[in-house]
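Read through the structure below, which is laid out as structure tokens, and then see the notes.
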Amino acid sequence: MSVSRDWTGNTRSVFTSIGAKTYSLCEREPTDFYATNPKALEVFLEVINQDGIILPHRICEPSCGAGHLSEVLKNHGYEVDSYDLYNHGYGKIGFDFLKSTMKAECFLTNPPYKYALEFVKKALENLLPNGCVIMFLKIQFLEGKERYKFFEKNPPTYVYVNSSRQNCARNADFTTYSGSAVCYAWFIWERGFSGEPIIRWIP
């Protein structure tokens, strides 16, 4: 009979075992600036184009950071209004989205982690008729009692799950933070939708 031993690893060991080579034990970045790898948006746009989903021509990026998502959208021909509360060298700074009344036909962003639900609620509140809200979120956003209550009244139309791990790099340092242990998905809400969301996978 084998005898089990006490665990001798640490919290980093778990993440290393699943391939998160750059997992950090340090505190989160104070302004919650974790830039999205532009590739994540590139592949998303390619897949929804194949699915026949057409985004509005003008898009608001309310937490633009250093402009990684905004620049991809511009390169695809969209008109983009970029804002951020903090100065990361891009867009209009000093903009507090959670206090804004700015309307848009499409809000697309990777929101600050600790305010993700608040960002989704505000975007839906400020959304113009026939508009859509698109958020790049951890798949764990589907969990939780509070979000369950929210989803009952505000189900997303689509959830596009990344089958490959996409990276959000601290302070946009994609050299140091080149890997991720997190599964991300693109959540799409459409004004007036009710029913069960369609789950799709991005290769």
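The values are calculated or read from the model by the stated rules, or taken from the named source; none is laboratory data. Being a predicted model, the structure only gives us computed values, none of them experimental. We place every Cβ from the backbone using ideal geometry, glycine too, and count neighbours over all the protein chains shown.
Can you name every one of the strands (runs of 3 or more DSSP E) wholly within segment 160-203 that holds 2 or more residues which are closer than 26 Å to PHE150 by Cβ and modelled with pLDDT of 70 or more? Even if it seems obvious, please write down each step before you answer.
On the way: elements: 168-170, 184-190, 198-202.
Output list reads 184-190, 198-202.
Of ASN126, ASN110, ASN130, ASN37, which residue is touching a helix residue (DSSP H, G or I) at 6+ places or on another chain (Cβ under 8 Å) and closer than 23 Å to GLU152 by Cα?
Unique residue meeting the criteria: ASN110.
All conditions but one from (1) among the acidic types (Asp, Glu); (2) closer than 17 Å to CYS132 by Cα; (3) under 18 Å from the mean Cα position of the chain (by Cα) apply to GLU71; the one that does not is (2).
Among the residues of segment 129-156 satisfying the criterion of being part of a strand (DSSP E or B) and among the hydrophobic types (A, V, I, L, M, F, W, C), which is farthest from PHE119 (Cα to Cα)? Here the residue is CYS132. Of everything listed in (1) farther than 24 Å from ILE202 by Cβ; (2) in contact (Cβ under 8 Å) with a residue 12 or more places away in the chain, the single unmet condition for VAL80 is (1). Within the set of pairs 6+ apart or on separate chains, which have a first residue in segment 29-55 that is modelled with pLDDT under 95, a second that is small (Gly, Ala, Ser), and C-beta atoms under 6 Å apart? Qualifying pairs under 6 Å: PHE33/GLY65; ALA35/GLY65; ALA35/ALA66; ALA35/ALA169; ALA35/ALA172.
Pick out the one residue from LYS138, LYS122 that is touching a Pro at 6+ places or on another chain (Cβ under 9 Å) and either farther than 18 Å from PHE187 by Cα or among the basic types (Lys, Arg) (or both).
Details: LYS138 fails: touching a Pro at 6+ places or on another chain (Cβ under 9 Å).
Answer to the selection: LYS122.
Summed over segment 81-103, the residues that are surrounded by 21 or more Cβ atoms within 10 Å (Cβ to Cβ) and in contact with a strand residue (DSSP E or B) (Cβ under 6 Å, 6 or more places away or on another chain) give a count of 3.
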